[in-house]
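Undergrad: Here it is, the structure in full.
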Amino acid sequence: MQRKEAVVVAIKASKGNGHKLPENASLLALTSAALVLPGLFSPLANAAETDEVDFQYSHYQEGKRSISSGIIDPVSGDNTVAGIKNTFNPIEVDSLHGHANVTLTDRIKFAFNYTQDTWGGATPIATAPAVFGGNAELVSADGLTVVGATPYLQGFNQVLLDSKLNPVQFATPFDPTSGLIRNNQLSHTLATASPETRKQGDFKLTYEWDEVALSGGGGISVEDDYESRFGNIGGRWDLNQKRTTLNLDLSYTNSDTHATLNHDTLPYIDIKAYDLRGQIDTLSSVADAQILHGNRQDWGTHFGVSQVLNKDALMSADVSYTRSTGYMANPYKAVSVVFIDPGQQTNAPPGGFEGRLKALLEQRPDERNQWNLGGRYVQYLHNLDAALHFDYRFSADDWGIQAHTFEADWVQPLGSGWTVTPRVRYYSQDAADFYTPWLVSQQAYKQKFDAKGHAVGLSYDPGKLPANFSSDQRLSGFGALSGGISVTKRFAKGLSLETGFEYYTHQGSFKIGGGGEGSYADFDYWVANAALKVDLAALSLGGGSIANAHAGHTHFDHGGQAPAGVMFSHMLHQAGDFMVGYRYMYGNQSGNMLHGTDPVSDQAIVANGCGLNPCFLRPGSMTMHMHMLDLMYAPTDWLTLMLMPQFVDMSMSMGALNGAPDPQTVLDFNLSQHIPHHIQSGHETGGIGDLGMYAMFKLFDKGIHHVHATAGLSAPTGDVDIQLARNHQVDGGFIDYGMQLGSGTWDFKPSLTYTGQLDQLSWGTQANGIVRMDSQNKSGYALGNLFQATAWGGYNLTHWLIASVRGIYTLQDSIQGQFNGRINQFGPMDYPSNYGGQYWDVGFGLSAVVPSGDLAGNRLSVEWLQPVEDKVNGYQLERDGALSATWSVMF
Amino acid sequence: MELIKQAAIRLLLAMCLFVAGCTVVQPWERGNLAKSQMALEPNPLQTGLRAHINGSREAAAVGNAAQGGGCGCY
């Protein structure tokens, strides 16, 4: 729960057409200062100099963590501690970020950001001495090979300590006479999480005078277990002919936690302290899920100054303060506590103690005050035409954490629009006062009961434990070294591509002054990113189609007026033209389960929806969002090439079917325990989808009629092997077919399009298809082939707005083959025959083009698809509808 | 209090550096300062991303700790 967020009130330093003034680059908003503010200030809401639209994708990949356990040495037969094979997939994150900055009037600027992250993988939930035997080896079904570690928080119920409370074990297994071996080696216990998605939208409105600007903004971040709302105001003041700029910002964040506690780990983790505080609810409607609630508030303020030092150097400095109150702990992290019951020491080793290991949900203070101070120096290097950036930042809080950050960037332009930036960063922090890998408490862990036999109160005396405790590695003492490189290529016409790579290593031994956490907690990661930036102001200066629009010459060209949901509807006009577009699609299913065209009862699904097995679950809702970039280029008049990267995310809720058999009577007990997880948490996936590559050929283009053919290829860049988390000692297996991100096969995508236009009327028709070119993907199946036919008509309401109506027919086969690995089949969505069908829809759309001004030629379209009829294969959830929205600009 | 004192001293130091190092730079002398490599933040998108990730990995008041923080297991 290391999160708080808000949008920064970084204010752009230039004003009006300021991006053309030379001094403004140097006085570019104090974005850098804002970026390093206490959590309240979002780094993503940086101020842009000019009207622009940016898209960025990034991938974060953590390395595998080492874990160890007390085991019996296979050679000597003695007790020992050794590394355990870690089969958990490490954390992986796919992120998408879109940013737009537009001038509304000469003095009013509007900025908007959208960010989403989908992550999944294994992470530490607790720490304990390895000799205690957590992380016991997981043996394969045949009992012969070790396939990994089980995520138990404790191995043996009893643990042994010497007189100084060091963890010990008998030299020879089960032989108290064999002597004691002390071993302080610690190990994390890891647990996996199924993929989860966070989405954030935020905005900022700025009003600018000549030397002063004021801004206000806000936003919201939403995920399954956490929601954050934030707002901020800020001001900027330019002094000394813009040699000095002052910034002052204030922000507020309010965040709610509502975390479903994993019922697999609940038997091991004591959550009673939160229960007694009224922070835990049991929801009987969702399989008795235990939900931990918390609220937190953050107030932040920041003051920054930037100063031109001389004609080759500038500097900035800032100070900020954040006060946080409320629930700041992580609802999924626990601290291992050894309870030593003085009255029960019969098995204690000579001179030592026996204890009982229990994990308590971590407890952090409900107040935190953070101070942060930083500076940046930028020096121009004449002989290299390069710039050297130095940053230093100091942070301190009343949790006892002091941190130092040093960074140096070398920004080296290479000519022809290329810039290379190598960088290095070093970070070091002290541990929080209440950080502890594990605890020992000299008391019994015993549940108390009242006269009627009801459990009351805590099983331990909290007075004999610290008030706060956490073993979260983020609060430990450590250092981190990272380095990376960014490469930027600026093209003509205002387009830029950026890409970057960074490697980061976290090590206890890197801490300044030593004394950091042990090497068991070390980890590393890399992150790579790619971004496309479109400078709208440069486009409008550059001529081309936008200049034509300026002259009022062209508003909707042939085919360009097709409804938003029609892909490949138009070609570019002439050789050398470019187009950049963004396409968003949303689809939702909920309501009835259908068989063919008719709603069916739960009983019918139980009996027939899952082949020869009974069904236990049905999908309650299924939502898909797709974000696509639409990049077009015309090498000749008769050919347009198109590249379409996609980012997809999906979520699905599930419910129990009435009349389903008790899972425990039909399934293996541990497997049956997966069903409550599905009901309690739903499923989420997200990341890169398949990559589309298309060539469009002009067949006929005379007067009012236009015909073109498209041949496309879809590369299987989307994942088709996403798995659910292992729990109850059973693998989660593949998530169902519909939740995977791509097809996994190379697909051929042909289409033929006819469009026409006469006066205020426009119309068109298109036939398109998807043919899977492989019989199965790497996971063993292939999605069904697809055929679609559509026809539409449009009418110009004004010279810049068109309304359209469209009809669509779609036919898709069911899935061929099936997953070639484990899939826990609980509902219709887990069976290949319950995919595909025939669909009839009608679409209602609006298309607008900005007729004049700086943004002339920008085109916006939306279309809603309303299902008319579904005729599904097998048993499927009814569709609610789909939305398409597009933005594009040609140049 | 000790923390606040430390912070104040560091801020004063930074301010002194500013004042001492400043010379008058006329608008027509700002050609180098206007170059994109001299921007205080030359790669805002990437810097934002890195701050976002570091913020969820480190306890310092640095950047935004938003990423995956809802679970915190990330």
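Derivation of every value follows stated rules applied to the coordinates shown; laboratory data play no part. Every value quoted in this text rests on a predicted model; they were computed, and no experiment measured them. A quick note on method: Cβ atoms are made from the backbone with ideal geometry, for glycine too, and the neighbour counts reach across all protein chains shown.
Undergrad: Could you derive backbone 3J(HN,Hα) for segment A:589-600 from the dihedral phi with the Karplus parameters 6.51, -1.76 and 1.60 (θ = phi - 60°), listing whole Hz in sequence and x where the residue is Gly or Pro?
TA: For segment A:589-600, the Karplus-derived couplings read 10, 6, x, 6, 8, 10, 10, x, 9, 10, x, 10 Hz, x marking Gly and Pro.
Undergrad: Multiplying the sequence separation of residue A:776 and residue A:871 by 0.36 nm and subtracting their Cα-Cα distance, what value in nm do you get?
TA: Details: separation 95, 0.36 × 95 = 34.20 nm, distance 2.51 nm.
Full-extension gain reported as 31.7 nm.
Undergrad: Give me the net charge for the shell around residue A:778: Cβ to Cβ below 14 angstrom, other residues only, Lys and Arg +1, Asp and Glu -1.
TA: Value of the local net charge: -3.
Undergrad: Then there is this: State the extension gain, in nm to one decimal, for the chain segment bounded by residue A:295 and residue A:382, taking 0.36 nm per residue of separation less the distance between their alpha-carbons.
TA: 26.0 nm
Undergrad: Under 20 Å from the Cα of residue A:493, which aspartates and glutamates turn up, not counting those fewer than eight places away in the same chain?
TA: In chain and number order, the partners are A:49, A:51, A:52, A:54, A:535, A:577, A:630, A:637, A:854.
Undergrad: Related question: What spacing in nm lies between the two simple spin-label points modelled at residue A:852 and residue A:878, each 7 Å away from Cα in the Cβ direction?
TA: 4.9 nm
Undergrad: May I ask which residue of A:392, A:845, A:873 lies farthest towards the positive end of the charge dipole of chain A, with charges of +1 (Lys, Arg) and -1 (Asp, Glu) on Cβ and the Cα centre as origin?
TA: Comparing the listed Cα positions along the dipole, A:392 ranks first.
Undergrad: Further question: May I ask which residue of A:800, A:588, A:620 lies farthest towards the positive end of the charge dipole of the protein assembly as shown, with charges of +1 (Lys, Arg) and -1 (Asp, Glu) on Cβ and the Cα centre as origin?
TA: Among A:800, A:588, A:620, the one farthest towards the positive end of the dipole of the protein assembly as shown is A:800.
Undergrad: Still on this structure, I have one more. Which entries in A:242/A:511; A:358/A:778; A:64/A:511; A:702/A:749; A:85/A:778 show an alpha-carbon gap greater than 32 Å?
TA: A:242/A:511; A:358/A:778
Undergrad: Once both labels are modelled 7 Å past Cα along the beta-carbon direction, what's the residue A:104-residue A:233 spacing in nm?
TA: Distance between label points: 1.7 nm.
Undergrad: Go through A:855-861, A:469-475, A:770-776 and give me the packing order, highest mean Cβ count within 10 Å leading.
TA: A:469-475, A:855-861, A:770-776
Undergrad: In peptide A:252-261, what is the residue-averaged number of other protein chain Cβ atoms found within 10 Å of each Cβ? Can you show the working numbers first?
TA: On the way: counts 0, 0, 0, 2, 1, 3, 1, 3, 0, 0.
Mean partner shielding for this stretch: 1.
Undergrad: Now, a different point. From the phi of every residue in segment A:396-409, what ³J(HN,Hα) in whole Hz does the Karplus formula 6.51 cos²θ - 1.76 cosθ + 1.60 yield, where θ is phi - 60° and glycine or proline is x?
TA: 9, 9, 8, 8, x, 9, 10, 9, 10, 10, 10, 9, 9, 10
Undergrad: A follow-up question, please. Nearest 20 debye, what's the magnitude of the dipole of segment A:543-890 about its Cα centre given +1 on Lys and Arg Cβ and -1 on Asp and Glu Cβ?
TA: Dipole about the Cα centre, nearest 20: 400 debye.
Undergrad: Right, here's the next one. Place a point 7 Å from Cα of residue A:598 in the direction of its Cβ. Which residues in segment A:858-891 have their backbone N less than 16 Å from it?
TA: It comes to A:870-876, nothing else.
Undergrad: Enter the mean number of other protein chain beta carbons within 10 Å of the beta carbon of each residue in A:421-429, as an integer. Display every interim value, and only then the final one.
TA: Details: counts 4, 0, 4, 0, 2, 0, 5, 2, 4.
Rounded to a whole number, the mean comes out at 2.
Undergrad: For n ≥ 4 DSSP H runs only, could you compute -39500 (n - 2.57) per run for chain A, divide by its residues and tell me the 222 nm figure to the nearest 500?
TA: On the way: 8 runs with 45 residues, N = 891.
When only DSSP H runs of four or more count, the value is -1000 deg cm²/dmol.
Undergrad: Which distance in Å, rounded to a whole number, links the C-alpha centroids of segment A:814-853 and segment A:51-70?
TA: Using only Cα atoms, the two centres lie 29 Å from each other.
Undergrad: Give the distance, in whole Å, between the Cα centre of segment A:637-699 and the Cα centre of segment A:471-504.
TA: One Cα centre to the other: 30 Å.
Undergrad: Below 17 Å, Cα to Cα, which aspartates and glutamates can residue A:311 reach? Residues fewer than 8 away in the same chain don't count.
TA: By straight Cα distance, residue A:311 reaches A:23, A:385, B:29.
Undergrad: From other protein chains only, count the Cβ atoms within 10 Å of every residue's Cβ in A:222-234, then give the mean.
TA: The mean count of partner-chain Cβ atoms within 10 Å per residue comes to 2.
Undergrad: Quick one: which residues, 5 or more positions from residue A:187 or on another chain, have an amide H under 5 Å from its amide H? H modelled 1.01 Å from N in the peptide plane, none for Pro or chain starts.
TA: Amide H neighbours of residue A:187: A:128, A:130.
Undergrad: Oh, and also: Rounded to the nearest 20 debye, what is the charge dipole size of chain A about its Cα centre when +1 sits on each Lys and Arg Cβ and -1 on each Asp and Glu Cβ?
TA: Details: 56 positive and 87 negative charges, 211 e Å.
Computed charge dipole of chain A: roughly 1020 debye.
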